[in-house]
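Beneath this line is the structure, given in C-alpha cells, with notes to follow.
Read the figures in this text as sums done on the coordinates, not as results from a lab. Remember, predicted model here, so these are calculated numbers, not experimental data. In this analysis, Cβ positions are derived from the backbone assuming ideal geometry, glycine residues included, and neighbour counts consider all displayed protein chains.
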Amino acid sequence: MTSPRVGVVTFPGSLDDRDALRAVRLMGARAVPLWHRDTDLDGVDAVILPGGFSYGDYLRAGAIARFAPVMRAVWDHADRGAPVLGICNGFQILCEAGLLPGALVRNRRVSFVCRWVNVRVESSATLFTSELSPGTVLDVPVKHGEGQYVGDRDTLRALGEEGRVVFRYCSARGELGEAWNPNGSADHIAGVCSERGNVVGLMPHPEHAVDPDVGPAGGRALFESLLASLLARV
Amino acid sequence: MSRYRFEVVVMLKPGLADPQGKTVEDALPTMGWAGVGGVRVGRHVELTVDAATEDEARARVEEIADRLLSNPVIEEHRILRPEEVG
C-alpha cells in the first residue's frame, strides 16, 4: 500500500512550511511541496496551508494569499470533502477565503504572543481529530499578533450548536478562562471546522510539536488522525 | 477615458473591539491630553482608476473595496468622493 500524500503550500512569506513537511514525513505520509502559483495540487490526498506572513500580511493577514492561483485548487479540493488544514496564517487565509467562518483580528492585548499553550479538543468529528477524544488537552505553541477569533453572534452560536469548535484554549487541566486565552478569542476558540469537518483551521502550531526530543509533542495526534483518516478512505 | 483618484477608508465594525485604537486612547492622558475618547484606528487606501465615467470608476472601486480592501466579517468601508486627475 502506498502512503498518503500530503501537500504543503508555500506562499511568499510562509515560514512554517518546512516544519509542516517534516511533521508529515515523521508521521509516515509523503510530503509534497506545493507553490502558491500552482494551479493544481499534484493529486495530493490532503493539503496544509502553513503559518507565516504570506505576502507580508499586507492589508490583513491572509487577504492577498486567498487570491493566489493555488487557492482555486484548494477550494475545489475542499469542495470534494478532502482534508484541508490551515495553521495560523493558514487559518487566517481559510477565513479570508470563506472556507471557514469568522475572522482573526489583532490580539486583544495588542502584543504579539509567542508561548506554549494548552488547547482542549472539543470535537473528534473532523479528519484531523478523529483519533482524539473530546476533552483531551494538548500542549502546543502559539506565535501570532492577529489570533483573536471573532464572529458575529449567529456564527458563534451556529459553531457551538453544530459542534464545529474543534479546539479551545484552556488550562493544563482543561479549564476554560480568560487567564488561559492568549489573544482574547471569542468563546476561547483556538480552532474551528467547516460544516463537513474536512476543513480545519487553528491558530496554534501542531507542526512545531511533533518531536518529543525537542519539547512537548501535542501536535502529533493531529497528523496521526489525518493519516488514519486518509488510510481509512483508501 | 478619464482618470479618477479615489480614497477608501476601511474601519473595524463599530461593535468590534479595536485594540489599536484603545492603545492610542490610553496613551493620550499620559501625554497630557485630557477629554479625548472614541479613538478608532483604520486603514486609508488611495487608488487611481481609468474609466469612461465616474460611475463606472466608482463601481470598480466598490468591488475592490468589498472583495479585497475590506473583510465584511469585521470591517466596513466608505469611498470618498473622487477627484478627476486626467
Q) Among A:35-41, A:143-149, A:194-200, how do they line up from the highest to the lowest mean number of other beta-carbon atoms within 10 Å? A) A:143-149, A:194-200, A:35-41
Q) Among A:124, A:3, which comes first, then next, by fewest other beta-carbon atoms within 10 Å? A) A:3, A:124
Q. log10 I(q)/I(0), Debye, Cα-only chain A, no solvent, q = 0.14, 0.16 Å⁻¹?
A. -0.79, -1.07
(Q) Along the charge dipole of the protein assembly as shown, pointing to its positive end and built from +1/-1 on Cβ of Lys, Arg, Asp and Glu, which listed residue (B:82, A:193, B:70) has its Cα farthest out? (A) A:193
**Q.** Distant-in-sequence amide H partners of residue A:10 (H built 1.01 Å from N, under 5 Å)
**A.** A:34, A:35, A:36
Q: Mind jotting down the distance between the C-alpha centroids of the range A:131-153 and the range A:40-65, whole Å?
A: 19
Q.
Give me a comma-separated list of calculated 3J(HN,Hα) values for the range A:99-115, in order, Karplus coefficients 6.51, -1.76, 1.60 applied at θ = phi - 60°, integers in Hz, x for any Gly or Pro.
A. 7, 10, x, x, 7, 10, 10, 3, 3, 3, 9, 6, 6, 5, 10, 9, 6
Q. Using alpha carbons only, how many degrees (0 to 90, rounded to 10) separate the axis of helix B:19-30 from the longest principal axis of chain B?
A. 50
Q. Considering only A:126, B:51, B:1, whose Cα is most displaced toward the positive end of the charge dipole of the protein assembly as shown, charges sitting on Cβ of Lys, Arg (+1) and Asp, Glu (-1)?
A. A:126
Q. Can you give the Rg to Rh ratio for chain B, taking only C-alpha atoms and Rh from Kirkwood?
A. 1.13
Q | Filtered chymotrypsin sites (Phe, Trp or Tyr not before Pro), the range B:1-51: DSSP coil and at most 10 other beta carbons within 10 Å | A | B:33
Q: Just flag the chymotrypsin sites (Phe, Trp or Tyr not before Pro) in the range A:93-148 sitting in loop per DSSP whose Cβ has no more than 15 other Cβ atoms within 10 Å.
A: A:112
Q: On a C-alpha basis, how far is the centre of the range B:14-52 from the centre of the range A:3-28 in Å? Whole number, if you could?
A: 38
Q) To the nearest 500 deg cm²/dmol, what mean residue ellipticity at 222 nm is calculated for chain A from DSSP H runs of n ≥ 4 alone, each contributing -39,500 (n - 2.57), summed and divided by the residues? A) -6500 deg cm²/dmol
**Q.** Sequence of A:136, A:10, B:48, B:30 once ranked by neighbouring C-beta atoms within 10 Å, starting from the fewest
**A.** B:30, B:48, A:136, A:10
Q: Note down the Stokes-Einstein diffusion coefficient of the range A:126-234 in µm²/s, whole number, using a Kirkwood radius over alpha carbon pairs, 20 °C, and 1.002 mPa s.
A: 147
**Q.** Degrees, to the nearest 10: B:54-64 long Cα axis against longest axis of chain B
**A.** 50
(Q) Using each residue's phi in the range A:170-184, evaluate 6.51 cos²θ - 1.76 cosθ + 1.60 at θ = phi - 60° and report the 3J(HN,Hα) Karplus result to the nearest Hz, with x for Gly and Pro. (A) 7, 7, 4, 9, x, 7, 9, x, 4, 4, 10, 9, x, 9, x
Q | Nearest-20 debye value, the range A:118-190 charge dipole, Cβ charges on Lys, Arg, Asp, Glu | A | 120
Q. What ratio of Cα Rg to 2.2 N^0.38 Å holds for the range A:1-91?
A. 1.01
Q: In whole angstrom, note down how far apart the Cα centers of the range A:161-234 and the range A:80-129 are.
A: 8
Q: Divide by every residue of chain B the summed helix terms, -39500 (n - 2.57) for each DSSP H run of at least 4, and state the resulting mean residue ellipticity at 222 nm, rounded to the nearest 500 deg cm²/dmol.
A: -8000 deg cm²/dmol
Q. Which whole DSSP H helices in chain A pass both tests: a Cα extent of 30 Å or more along the axis and a mean Kyte-Doolittle value no lower than 1.0?
A. none
**Q.** the range A:31-163 - convex hull of the alpha-carbon atoms, volume per residue in Å³
**A.** 131
(Q) If the only charges are +1 at each Lys and Arg Cβ and -1 at each Asp and Glu Cβ, what is the size of the charge dipole of chain A around the Cα centre, to the nearest 20 debye? (A) 220
